[in-house]
1. Read through the list (1) assigned to a strand (DSSP E or B); (2) under 24 Å from Thr237 (Cβ atoms), then give the number of the only condition that Ile104 fails.
2. For residues that are at pLDDT below 90 and either in contact with a Pro (Cβ under 9 Å, 6 or more places away or on another chain) or on the phi > 0 side of the Ramachandran plot (or both), tally how many sit in region 233-266.
3. Any idea how many residues of region 191-206 are closer than 26 Å to Glu228 by Cβ and touching a strand residue (DSSP E or B) at 6+ places or on another chain (Cβ under 9 Å)?
4. Which condition breaks for Arg129 when tested against (1) at pLDDT below 95; (2) in a strand (DSSP E or B)?
5. Out of His168, His192, report the one residue that is within 18 Å of Glu59 (Cα to Cα) and out of contact with any Asp or Glu (no Cβ under 7 Å at 6 or more places or on another chain).
6. Among residues belonging to region 139-175 that are in a strand (DSSP E or B) and among the hydrophobic types (A, V, I, L, M, F, W, C), point out the one that is surrounded by the most Cβ atoms within 10 Å (Cβ to Cβ).
7. Specify the residue that is surrounded by the fewest Cβ atoms within 10 Å (Cβ to Cβ); the eligible residues are those in region 51-95 that are modelled with pLDDT under 95 and not in a strand (DSSP E or B).
Amino acid sequence: MVFKKLLGALGVGGPTVDTVLSTPVVQPGGLIQGQVNLVGGTQDAEITGITLTLVARVEIEHEEGESTGLSPFARFAVSAPFRLAVGEQRSVPFSVTAPHETPITGFAGWQLPGMAVGVRTEVEISGARDKGDADPLGVAPLPVQQRVLDAFTALGFRLRSADLEAGHIRGSAQRLPFYQEIEFAAAPQYAHLCHAVELTFVASESGTEVVLEFDKRAGDVIHQHRLEHTAAEQDLTSVVDGWLQQVASGYGHGGHGHGGHGGHGGHGGFGAAAAGAAAGLVGGLVLGEVADEVFEDFFEG
């Protein structure tokens, strides 16, 4: 009996957990639905709760340089306590809402390089090692975001990279501890304006802020714009072209920054405000090579 209790504490012979997403691809602000399937082990288990956590791979700058880690950004309790009998099969359905700022992982059939978001399931077991599962989650852009991305593509900009940066964009309504950067190489007709543009969305229930950082020889230039969700009803190519012409005329919102999106400096990034946010985020990240291994295991299969 003592040996069985010891094995149970180590997770041997405990319940198995398998989370199945019925919505493997969602939009920001949309419903993530599915079920957590459990099968009882060799002894009864007191399940004290089931929690779903949304996580994403985030880059963070610190004194030692730059590291990559997993950042949790939303947690949901999806079950009250219950007893799982030996060999019992039970399914716990769930329906939770993704934050509006959930970073997108692809658009128009393209997978954004370097982007990964997932759902981590934690089954809390009284007196034993917790069980868990992890599943990748695809995130498609909101219609208005898709219109902006389509506009850059139509104007000849070429997708280069994407990542998540720890920190806060000053002057924005950002709530998550990180922001997404989608980088486009400038189209030939705009090469005199900039080398590249980094695009950040800060979405909410009413619309989305569009933050553009233009990589120019004289230093990065920041422009901020806002679009309501109803803007998705029209082609935004001329609107985006107008934003680019503002850069040419030297008019616009925001200011100047230096050093990449650390240069969201005029409005955030890793300036004074973002440095504090990034430092606070370190505790929530698994940094370095270990994080990469965890992340690969996390999305394996």
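1. (1)
2. 5
3. From region 191-206, those closer than 26 Å to Glu228 by Cβ are 197-206; that's our starting set.
Add one more test, that the residue is touching a strand residue (DSSP E or B) at 6+ places or on another chain (Cβ under 9 Å), and what stays is 197-203, 206.
Residues flagged as closer than 26 Å to Glu228 by Cβ and touching a strand residue (DSSP E or B) at 6+ places or on another chain (Cβ under 9 Å) within region 191-206 amount to 8.
4. Condition (2) is where Arg129 drops out.
5. Answer to the check: His168.
6. Residue satisfying both the conditions and the ranking: Ala166.
7. Glu63
The values are calculated or read from the model by the stated rules, or taken from the named source; none is laboratory data. Keep in mind the model is a prediction, meaning the values are calculated, not measured. Every residue, glycine among them, receives a Cβ derived from its backbone with ideal geometry; neighbour counts consider all protein chains shown.
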